[in-house]
Each structure stands twice: as structure tokens, then as C-alpha cells.
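The values are calculated or read from the model by the stated rules, or taken from the named source; none is laboratory data. Values in this document were obtained by computation on a predicted structure and should not be read as measured data. These area figures cover heavy atoms from the full protein model, side chains too; ligands, DNA and RNA do not enter into them. Shrake-Rupley method; radii C 1.70, N 1.55, O 1.52, S 1.80 Å.
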Amino acid sequence: MLREIRPAILILLLLTAITGLAYPLAMTAIAGAIFPKQAQGSLIEKDGKVIGSALIGQEFKEDKYFHGRPSATVAPDLADPTKTVPAPYNAASSGGSNLGPTSKALADRIKEDVEKLRTENPSAPVPVDLVTTSGSGLDPDISPEGALFQVPRIAKARNLPEARVRQLVMEHVQGRMAGLLGEPRVNVLALNLALDQVTK
């Protein structure tokens, strides 16, 4: 019996060392060498301080900034750990709301968001990505239409010509990956940083 168990234990240890240690370390080293910025989380720095990641959205509430998509992520309620509270862009709790198209709570929230956005820019249709959450709740990008919709509010808050803010948006539009995959998008954090540079 020991003769059968010993090879099984040796193979288990060998495969654990290969797949659990050698392979992950090799992939980490290769990723760090080929894609150093991405391997470190695509972090964005300002004045030598990390202020965010190009891969994870942030909540911007002030009128002078572009706002991202709504986020459905949550965190435990400190007052009652059995409950959760909204925690926008919480990377530790990535996920959607799981509310379906027939959900009254979802319909009410979207209706409220649309009405609020219409007060900002009554002459333009509200882009869908400004009132719907992404599957991860962490989306750092909005559509070019979503960014352009916010131009009047930001131009007014910063006392800038709308044409200048619109130009800034167009400078930050990223096309489809390899010209085929995905949709054109604008990274909200990068756009807001550029906006701060313009109004310095």
C-alpha cells in the first residue's frame, strides 16, 4: 500500500510546485517585463501620488467634473453587518445590482436619474450609459456621447467655452481596440485630470 501512496504524494507535490508556484511566478515575471504598467494595476499618478487606476472608475460628484456611469457595488453596513450599503466603485465587491428589466426599483432609479440629467442638458437625449450600471460596477469609461452630454454643465461650472470642453472630450476619445473590438470610449479620470490642467 505504501508503494502506491508514495508516488501519488510525490506527483501531488511536484504538480503543486509547478502549477502553484513556478507557473504563477513565471507568468508574473513575464507580465511585469512585457506590460509593466498594466502589471502594476495601470495606476495613474499626479504630483508623485497615486490617485486612481485607469481600470477602475471613481465617483465624481462635483458639477465641475465629468461623472461616470452609476455603480451598483456595495459594502457591509458598519452599523449592521447583516446589511449592505451603497459603495460606488468598490473594487472589493465587484458586481451588478442583479435587478432585472421588470424591477420597479430599477425603473424608479433610472427615471429619477434621467429627470436629474435632463435638468442639466434639456436639449439633448440622455445617453443610456449615464443611467445604467455596468456588469462589474467598476467601469472607468463612458461613451463619447455620455461625455459630450455633460459639456454644458462643466463649461458653466468652470466658466469655460463649451467648444473648449467639447474639444477636450474629443481629444480623449479612445477608439475600438485593434479597430474592431468594443466601442469608442472616454476614460473619466483621465478626462477630469486634463480638465483640471486646462483650468489651472
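Please work out how much accessible surface D141 shows to a 1.4 Å probe, ignoring ligands, DNA and RNA, in Å² rounded to 10.
30
Got the relative contact order for the chain handy, in percent, Cα pairs under 8 Å and 6 or more residues apart?
19
Once P(r) over Cα pairs in 10 Å bins from 0, in percent is worked out from the coordinates, which option in (1) 8, 26, 24, 18, 12, 7, 3, 1, 0; (2) 8, 25, 29, 19, 10, 6, 3, 1, 0; (3) 8, 33, 36, 18, 5, 0 does it equal?
(2)
Pairs K64/K111; K61/K116; K64/K116: which exceed 20 Å Cα-Cα?
K64/K111
May I ask for the distance between the Cα centers of segment 58-117 and segment 1-32, given as a whole number of Å?
For segment 58-117 versus segment 1-32, the Cα centre distance is 43 Å.
Evaluate the relative contact order of segment 1-91 (contact order divided by residue number), counting alpha-carbon pairs under 8 angstrom at least 6 apart; express in whole percent.
Relative CO of segment 1-91 lands at 14 percent.
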